[in-house]
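The values are calculated or read from the model by the stated rules, or taken from the named source; none is laboratory data. Computed from a prediction, not measured in an experiment: that's the story for all the values here. Every residue, glycine as well, gets a Cβ built from its backbone with ideal geometry; the counts of neighbours run over all protein chains shown.
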């Protein structure tokens, strides 16, 4: 025997569907005995034809079971290792090439086997064992050398309940086909059962070197007609008879294609962003697999499906995200499968569904051949939405910033920051479901408020607007008046008016003058004024202001920024009084009248008087000062107290003696006494 150099993929699959009757179990293969590498008639849906597996022949020794009591047909599966060796079978039982494949018609599994042998005469049995389990790991036919196989391989060791041996008794070029089914309970094959000609069609070539047979497997396993059935390990060969004690002559050990009435479907999820780039989008993404109204599973739905009760007609599954997949086994081979997508999130659109190369997006059907895996891809694309960001700036308190001075961010992962724009703003196209949180780098002196939708998730096919408004913050100015009165003055702070002249005019009486909410930033000139009644005060401490930069002596000029708070104080102090002095000379003019020749002793002498008058003109009409009446002292003289004059000039006296009982009156006429006064200022 020579092993094939190609290893076929072995996959255990599941079958669904009842056993077809012979009337509907039409043989899909053209059994005419030709058995060439290029011709066999296959029905629709059957992929390819059986590829030949070459086997050593002629005088070449080949690997097969050692002839011993432990390697008879019924017990070979338990034969101790090593149980293989090299033999050289006779020509009539020496196969040099074999063919194996299968096909499903409806729900019926047909198995095909073709052979070429060294001789065209003689008789023998062809034995084809179909095991459900895969070949033992140690029997890696295409990858290891003969000694390794001899040491560790027993190809029959996976035999289990329900395995089959198909027997072709070639005595007399017979075409009768029979079978036996392994019973694990008794560790033996059951009786030899014949197959009707409609279920087992066999034929030789005209020259006798070739032959082929097609067998209806559903007839053999009628009790399992509602179950998935797969034979993964196929061991063809020749034996000495159909009894349990028969020996193996030639055995072809190779990995043959599966004989299965089942296939499987792998559902793949592909998610794209708005730029058609593949991403790991989040689901769920439900799907439904059906084949019309007929069952798609055998006795048990696959674990990848959610079904109701014993529902074997529908597979309902779900994929969590883009890039994930699920493989659904136990599927009856059919030609009318449909795959559809259920309700998905509003942020996703269904783009396409392809199964193999078939576009099944809009309900088209596709085939799942027995023994094969069909790859289906459901592609979804993110639905886009729009985020509009408007930057609005209010400068009603002296601010000068514009929208472009502010740096904003959408908060979307990986997105770049951007300069703000007044209405209509900046527009961003984002995939639906994208999380955003609009923010900005705030600037000193501006408050921030937001309106609209500034955080959340992008909604599909919609526009969401976020407006970020910055308003310049009014500064504040507090003017303080302090008055010191150490020199006895009485003025108060309220007697002074404080003024800040600039973008916003601020003025008021002390002690405190405060700006209002509409006060603007800018440069201000500080001053004070007072009523005319407040005199005698000087600036003790000129304007001193404290604000964000600390205290500083600034004189009368102050620059105030947005949101800044400043307090400016000016102190006044009263001064000592500064009186003026002036001098004024004055003269006291006196006049004395002496009376001579007086006769004394008059009884009324004590009542005599002299009347003095001072005049500033020579007519003695402009009297200066008061008239003085003085007594005559000692009876002979009288003296005036005097008249005070404050201006230079020429002055004239008059004096009149009253007389008494013994003396007559006497008068000094105007001009008889003249006094000149000169005063220096």
Quick check on this structure: which one of 177, 164 is touching a strand residue (DSSP E or B) at 6+ places or on another chain (Cβ under 8 Å), at negative phi and free of Cβ contacts under 8 Å to residues at least 60 places away in the same chain? 177
Looking at the structure I just gave you, is residue 172 more than 25 Å from residue 27 (Cβ to Cβ) and touching a residue at least 24 places away in the same chain (Cβ under 8 Å)? no
Apart from one, (1) touching a residue at least 60 places away in the same chain (Cβ under 8 Å); (2) closer than 23 Å to residue 84 by Cα all hold for residue 148; the odd one out is (1)
Looking at residue 113, is it under 19 Å from residue 248 (Cα atoms), modelled with pLDDT of 90 or more and surrounded by fewer than 21 Cβ atoms within 10 Å (Cβ to Cβ)? no
So is residue 246 out of contact with any strand residue (DSSP E or B) (no Cβ under 9 Å at 6 or more places or on another chain) and either in a loop (DSSP other than H, G, I, E, B) or in the same structural domain as residue 290 (by TED's automatic domain parsing) (or both) or not? no
Do we have any residue at all in the range 145-156 that's surrounded by fewer than 22 Cβ atoms within 10 Å (Cβ to Cβ), assigned to a helix (DSSP H, G or I) and at pLDDT 95 or above? no
Scanning the range 591-634 for residues that are closer than 12 Å to residue 659 by Cα, in contact (Cβ under 8 Å) with a residue 40 or more places away in the chain and surrounded by 15 or more Cβ atoms within 10 Å (Cβ to Cβ), the one nearest to the chain's Cα centre (by Cα) turns out to be 611
Are any of the residues in the range 163-171 more than 14 Å from residue 128 (Cα to Cα), part of a helix (DSSP H, G or I), more than 60 Å from the chain's Cα centre (by Cα) and assigned by TED's automatic domain parsing to the domain that holds residue 219? yes
Given the residues 339, 319, which is the only one that is without any contact (Cβ under 8 Å) to a residue 60 or more places away in the chain and closer than 30 Å to residue 459 by Cα? 319
Scanning the range 107-157 residue by residue, those closer than 14 Å to residue 257 by Cα and over 58 Å from the mean Cα position of the chain (by Cα) turn out to be 112, 113, 114, 128, 129
Given the residues 244, 207, which is the only one that is within 25 Å of residue 34 (Cα to Cα) and either buried (at least 17 other Cβ atoms within 10 Å of the Cβ) or out of contact with any helix residue (DSSP H, G or I) (no Cβ under 8 Å at 6 or more places or on another chain) (or both)? 207
Criterion first (farther than 20 Å from residue 239 by Cβ, assigned by TED's automatic domain parsing to the domain that holds residue 142, surrounded by 17 or more Cβ atoms within 10 Å (Cβ to Cβ) and modelled with pLDDT of 80 or more) does residue 104 satisfy it? yes
Conditions (1) out of contact with any helix residue (DSSP H, G or I) (no Cβ under 8 Å at 6 or more places or on another chain); (2) modelled with pLDDT of 90 or more; (3) not in a strand (DSSP E or B); number of the one not met by residue 626: (3)
